[in-house]
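The values are calculated or read from the model by the stated rules, or taken from the named source; none is laboratory data. Keep in mind the model is a prediction, meaning the values are calculated, not measured. For neighbour counting, all protein chains shown are included, and Cβ atoms are generated from backbone atoms with ideal geometry for every residue, glycine included. What goes into the accessible areas is simple: the full protein's heavy atoms, side chains included, and nothing from ligands, DNA or RNA. Shrake-Rupley method; radii C 1.70, N 1.55, O 1.52, S 1.80 Å.
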Amino acid sequence: MDTEAKIRILADAAKYDVSCASSGSTRLGPKGGMGSTLSAGICHSWSSDGRCISLLKVLFSNACRYDCSYCVNRASAGGRRVSFTVDELTNIAMAFYRRNYIEGLFLSSGIFAEPDVVMEQLLRVAVTLRSEYRFGGYIHMKAIPGASRELVAAAGRWVDRMSVNIELPSERSLNRLAPQKKRRDILGPMGWMRTGIDYYREGMEEFRHSSFLKTKPASFVPAGQSTQLIVGASPEADGTILSLADGLYKSYGMKRVYYSAFVPTVSRDEGPGLGLGAPNRLKAREHRLYQADWLMRFYGFAFDELVGDRSAFLDPELDPKSHWAIVHRERFPVDLERADYEVLLRVPGIGVRSARRLVVARREGPLNFELVARLGVVLSRAKYFVTCGGRSLVSADYSEKVLRMRLGGGPDAYGQLSLFDAISGEL
């Protein structure tokens, strides 16, 4: 099979993995080499400033021994199985980079052999790019579940970000839908990467040398690790998913948890528990999970504040912050001239940047609603929950029903939004 056909097949096979991200890395281009992550970074589709950027996202092989019910590359699926060689993939990556087609590489693989064999092939791709081609651009590599600690640690010395997808929210669902995968084989690499990142940052020597490598790279997974959870392939509630994400952030130092609405790749009578909900409803649910995740990471919310408990679902018609504000009407209205920063963050229509601007601006003098709007507050949402200088923009005591109508957009509207829309606006 020619190289073009391999690229077409293996790039298409990788499209269901969404756990790419802006790099967060400051790897400088090597002297005499090419590429750098410093100026812009790499992500799946958007940079932090909103630019669409490019990444070669591909599998090393779509052959797989595992038969995960939700996966298009599962062992029992049809389709042609192909694999790159290390030389083929590195030549393709460098050719694409020289032509300015891409700015980096996202590399994963099906489990076509023992986990250590697969992990070693991915590692050799990274080592070849860095050592032989002196490539300084972004590399995101998947840690293969079940691979040895030495190989995972060695890979972390050559890449910017690593990830291992946990995929399903509970061990019960993992055993049911992906019986060959073991929870310990997923959490193990996560723990090793967390240890390696912490050790490197503390200046310890354990990860500065490896018997597997002949030269010493300059960092260990500088952009951190990420993972992916599939939404709707199994029956767990949003509370269970957010509780797991909260634990991953706290216990494993996860940079990002990505949520991916289940895309049916089999008929509904195959694979028990698959396809729970229409695609547009699952996309709306994915969007709500991203909003809730953002609130946990940057706005000081605990997961149980947003969903109540592990068995609950997020409101499909109202964003999580607005839902929380309506349920806790006793905490409002908030005085914009006196409220603490943490309190401002909980007001619908006020985001991290506008809250910071408010705190700075009110030191300079009194606030008014015209100034507040110029500072970035979305008054069409915030006006129901705030006062400024003793004034309010609304005169009536709105009922919950009216507030929901004023603030809500409906699940179909949110189902059409992209990930960039979900995280770029003021919540």
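Some points to look at:
- Some residue of region 287-310 being among the charged types (D, E, K, R) and over 26 Å from residue 251 (Cβ atoms): no
- Count of region 251-284 residues, restricted to those that are open to solvent by 60 Å² or more (accessible area, probe 1.4 Å) and at pLDDT 60 or above, is 8.
- Residues in region 62-101 that are more than 30 Å from residue 233 (Cβ to Cβ), open to solvent by less than 40 Å² (accessible area, probe 1.4 Å) and touching a residue at least 12 places away in the same chain (Cβ under 8 Å): 86, 90, 92, 93, 94.
- Within region 174-195, being touching a strand residue (DSSP E or B) at 6+ places or on another chain (Cβ under 9 Å) and touching a residue at least 40 places away in the same chain (Cβ under 8 Å) holds for 177, 178, 181, 186, 189, 190, 193, 194.
- Of the residues in region 339-359, none is within 19 Å of residue 392 (Cα to Cα), over 30 Å from the mean Cα position of the chain (by Cα), of a type in the set (Val, Ile, Thr) and not in a helix (DSSP H, G or I).
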